[in-house]
Amino acid sequence: MSVLIDKFDVFAGGFWLTLQICVLAAIGALILGAVVAVLRISPVPPLRAVGTGYVTVFRNMPLTVVMFFAAFGLPALGSNASFLRIPVIDSLFRRLGTDLPYFRFALIALVLYTSAFVCEALRSGVNAVPPGQAEAARSLGLTFGQNLRYVVLPQSWKASIVPLGSVIIAMIKNSALIGFFGVVGDLSQTADQLTSAEGYAFVPVAIGISIGYLIMTIPLGALLDRIERRQAVASR
């Protein structure tokens, strides 16, 4: 178990990199998932078809397949993948010091995959809003966009927050795959380095990696439990 102390800086570096990609992926998935959710409930049939197709594809595709195409398919489209070079994102990566090989490809894979589940969590919240309120908003002359902005979405967020939290927790655990697709320095790749390259025993290293993920997931789970209890009390 001395590896936990001797290599604490390595574990800390892996935890920090994993935390960064999880935070960025969560933000991206929430934004993209909200857009797809709007498409899913749109009154325009072609937009609904696009949203439904997106959710159907990514909810039923293994994350390993999405990671594979992101890690090896996207770089093949261009030597420098210039189509992914967004000035604001590049500046953020430089500030964080995380623009490592395949970092952005792993981030894209997590966002694409998780946003499908975010969409369904948001849609379940929208379905929890009484239909009469949306109908009343339409009778007052509100457009579809105004109806969503002022009536439906503010109420759906409250009903969606617990399912969304569960989706983010699942995404944090799914991020363990990124080290196997070229992202150097995350928790899972740190485990491979310590056991394969440096010869440390697997069990202590696995315990250290597990502690890192538990530090990220347990506080979020406790927060969700508290929110759920408060919502249960408020609904009585």
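The values are calculated or read from the model by the stated rules, or taken from the named source; none is laboratory data. Since the structure is predicted, the reported quantities are computational estimates derived from the model, not experimental observations. Backbone-built Cβ (ideal geometry, glycine too); neighbour counts: all protein chains shown. The area values use the complete protein model at the heavy-atom level, side chains included, leaving out ligands, DNA and RNA. Shrake-Rupley method; radii C 1.70, N 1.55, O 1.52, S 1.80 Å.
List of remarks:
- Derived scalar couplings between HN and Hα for segment 105-117 equal 5, 5, 5, 4, 4, 5, 5, 4, 5, 6, 4, 5, 6 Hz in order, rounded to whole Hz, by the Karplus curve 6.51 cos²θ - 1.76 cosθ + 1.60 (θ = phi - 60°), x for Gly and Pro.
- Probe 1.4 Å, all protein chains present, accessible-area order of SER2, SER160, largest first: SER2, SER160
- Fully extended contour minus Cα-Cα distance, from THR217 to VAL203, at 0.36 nm per residue: 3.0 nm
- The calculated FRET efficiency for the pair SER196 and ARG229, based on their C-beta separation and a Förster distance of 30 Å, comes to about 0.10.
- The radius of gyration of the Cα set in segment 30-70, together with its Dmax, comes out at 11.5, 35 angstrom.
- The accessible area of ASP192, taken with all protein chains in place and a 1.4 Å probe, comes to roughly 80 Å².
- Centre-to-centre, using Cα atoms only, segment 105-141 and segment 152-221 are separated by 25 Å.
- Subtracting the Cα-Cα distance of PHE72 and SER42 from 0.36 nm times their residue separation leaves 7.4 nm of extension gain.
- Accessible area ranking (1.4 Å probe, heavy atoms, ligands and nucleic acids excluded), largest first, for TYR54, TYR200: TYR200, TYR54.
- Calculated SAXS-style log₁₀ I(q)/I(0) at q = 0.19 Å⁻¹ - segment 108-152, Debye, Cα scatterers: -0.64
- Taking all pairs of distinct alpha-carbon atoms in segment 174-229, Kirkwood radius in angstrom: 12.5 Å
- Ranking of ILE41, ILE178 by solvent-accessible surface, largest first: ILE41, ILE178 (1.4 Å probe, protein heavy atoms only, all chains present).
- Between the beta carbons of VAL65 and ASN127, assuming R0 = 41 Å, the FRET efficiency works out to 0.90 to the nearest 0.05.
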